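Some notes on the structure that comes next.
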Amino acid sequence: MAMSVSEIRKQFPILSRTVYGKPLVYLDNAATAQRPQAVADLWQKLSLEENANIHRAVHHLAAQATDAYEGARDAVKEFLNAASREEIVFTSGATAAINLVAFSFGEAFVHEGDEVIVSTAEHHSNIVPWQMLCQRKKAELKVLDIRENGVLAVEDLEKMISQRTKIVCISHISNVLGLVNPVREIVQKSHEFGVPVLIDGAQGIVHESVDVQALDCDFYAFSGHKLYAATGTGVLYGKKKWLDAMPPYMGGGEMIATVSFNGTTYAPLPEKFEAGTQHFNGAPTLVPAMELASAMRTDKAVQQEQEAIFEYVYTKLMDDDRIVLYGTEKSAKIPLFSFAVKGAHHEDLALILDKMGIALRSGQMCAEPLMDRLGVTGLLRASFAPYNTLQEAEYFIQCLDKAINMLV
Amino acid sequence: MSLEEKKQQIIDDFSLYEEWLDKYEYLIELGKALEPFPEEKKTEDRLIKGCQSRVWLDSEMQDGKIFFTADSDAIITKGIISLLISVYSGRTPEEIAADDFGFVAEIGLKENLSPTRANGLVSMIETIKKTAENGR
């Protein structure tokens, strides 16, 4: 079904609001995407008409709620093309998913003297859990660097992997550089050495269609809220062989088979990793969210608008002597632009642009090691979604110019 | 100019501008006009905690009055600290300690800053107050 960007915008009520009397131009999509009406409607229906705890009770509502929740799992399995539904674990987001792996995989497979590899361009969520694991196990965290254009130095990976390397953890797309990493190549190289790979897909899932079997990654983590679903939803995909071999992360209800003081046996996958009451009103919102995400990604009108936005903003930022864009490799870049303005503080710019109705991010963007690597205290980031228009991009560039002139 | 007169002057200045963008212009001008702050004074102990951008505040006691100097790497923040020290610099510790800093609310500054910067503003006020308390 062909759509137009203006029709898509109508599905996101917030896009028609104003801030300070000016139309909202929302360019902070990498932090969180906006919710479509269908997600809000489903949330409301589940909360007000079909609310019941899942899996346990025999009554009608519980069965209905369980169907919605488990139906969402099937939909995620299809969306990622996972081999089985047992490989889909619901979490509260990408951070929780990565922490789950860092703990449970770490308990089973990482020991003193072992190594974990991350990249310098990771979000804190894909650094700190591994740092904590390494501290706990007296293991070493090794860091894959980037090249000048922001591209990962994948050629160094082979040299870095050793007999002690237990896992490689890389983002699909950096939340600062906006570059798609060669994850297939990274998985292949790592697998040559028998090392599994976790992909932080928080940004990747929004922009790329992901086939975990084709990618052959061992883990893939993402958050629902960046993909238009309810906040507090998230997914960990893990290959069954790993999930089976990993101990549970949290103990509690749902994750057990039998409990006694002589010992407890755990539930089969995926419940083994879903302790406690789950986000059963939220997880089903992934279904309309993923449907819309797929439809927008493959829509001709959206693709054209996205390409026009990308070309326009990329060229404007690259050609402006006052501006330094980070993550410049065009062939790998998505419409996510982090940049510095010479002589102007990112926070000042964000504050002025805010008063012009433009929402964007300033600061370290949860990637302090990358900021240090780039030699900046922070950056300004404009991240576009399929519901953004070229007109908004033009307004953003105009306002940016005005803001720079006020400051410099 | 007395403390009360100075505060009223700032309230009047701010009321000239209807748009917040114009108020920012005013703060930017204040920031740019602030006296240079020596690099060697940009030390950890002069850094105000709780600001996203870096703000340094220094104070000196002369004839029973506190004189403040300050700097920031962000110009609007620099304008804000400039505004504060233009009101409170050259006052006695007693005067500052007795003040309620209500004029900041009156010009709507705090409400119009991002939460992180609003926290920064609170930290700046707290530091000025504490300096006055220590000077009594």
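Considering A:48, A:42, which residue is away from every other protein chain (no Cβ under 14 Å), under 17 Å from residue A:289 (Cα atoms) and either more than 24 Å from the chain's Cα centre (by Cα) or not acidic (Asp, Glu) (or both)? That would be A:42, the only listed residue that is away from every other protein chain (no Cβ under 14 Å), under 17 Å from residue A:289 (Cα atoms) and either more than 24 Å from the chain's Cα centre (by Cα) or not acidic (Asp, Glu) (or both). Among the residues here, residue B:72 qualifies as among the hydroxyl-bearing types (Ser, Thr, Tyr), on the phi < 0 side of the Ramachandran plot and within 14 Å of chain A (Cβ to nearest Cβ). If you check A:374, A:379, A:407 for being crowded, with 16+ Cβ neighbours inside 10 Å and either small (Gly, Ala, Ser) or over 30 Å from residue A:210 (Cβ atoms) (or both), only one passes: A:407. State whether the residues of the range A:243-251 include one that is within 15 Å of residue A:84 (Cβ to Cβ) and buried (at least 22 other Cβ atoms within 10 Å of the Cβ). The answer is yes; a qualifying residue exists. Does residue A:91 satisfy the condition of being within 27 Å of residue A:281 (Cα to Cα), in contact (Cβ under 8 Å) with a residue 40 or more places away in the chain and assigned by TED's automatic domain parsing to the domain that holds residue A:167? Yes; evaluated as a whole, the condition is true for this residue. Exactly one residue among B:27, B:21, B:57 is within 18 Å of residue B:124 (Cα to Cα) and within 14 Å of chain A (Cβ to nearest Cβ), and that residue is B:27. Where helices (runs of 4 or more DSSP H) fall entirely within the range A:1-116, those with at least 3 residues that are closer than 27 Å to residue A:363 by Cα are at A:94-109.
Every residue, every condition in (1) in a helix (DSSP H, G or I); (2) under 23 Å from residue B:73 (Cβ atoms); (3) among the aliphatic types (A, V, I, L, M); (4) within 14 Å of chain B (Cβ to nearest Cβ), yes or no:
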residue	(1), (2), (3), (4)
A:324	no, yes, yes, no
A:331	yes, no, no, no
A:347	yes, yes, no, yes
A:351	yes, yes, yes, yes
A:371	yes, yes, yes, yes
A:376	no, yes, yes, yes
A:381	no, yes, no, no
A:385	no, no, yes, no
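Within the range A:204-216, the presence of at least one residue that is in contact (Cβ under 8 Å) with a residue 60 or more places away in the chain and among the polar types (S, T, N, Q) is confirmed.
Where strands (runs of 3 or more DSSP E) fall wholly inside the range A:132-229, the ranges with 1 or more residues that are closer than 21 Å to residue A:103 by Cβ and acidic (Asp, Glu) are A:140-144, A:197-200. Every test in (1) closer than 26 Å to residue A:351 by Cβ; (2) touching a residue at least 24 places away in the same chain (Cβ under 8 Å) is passed by residue B:93 save one, and that test is (1).
Look at (1) touching a residue at least 60 places away in the same chain (Cβ under 8 Å); (2) of a type outside the set (Ser, Thr, Tyr); (3) surrounded by 12 or more Cβ atoms within 10 Å (Cβ to Cβ) and you find that residue B:49 fails only one, number (3).
Out of A:295, A:340, report the one residue that is on the phi < 0 side of the Ramachandran plot, among the aliphatic types (A, V, I, L, M) and within 13 Å of chain B (Cβ to nearest Cβ). Talk me through it step by step, then tell me what you get.
Working: A:295 fails: within 13 Å of chain B (Cβ to nearest Cβ).
Exactly one residue qualifies, and that residue is A:340.
The values are calculated or read from the model by the stated rules, or taken from the named source; none is laboratory data. Please read these numbers as outputs of a predicted model, since none were measured by experiment. Heads up, the Cβs are rebuilt from the backbone with ideal geometry, glycines too, and the neighbour counts pull from every protein chain shown.
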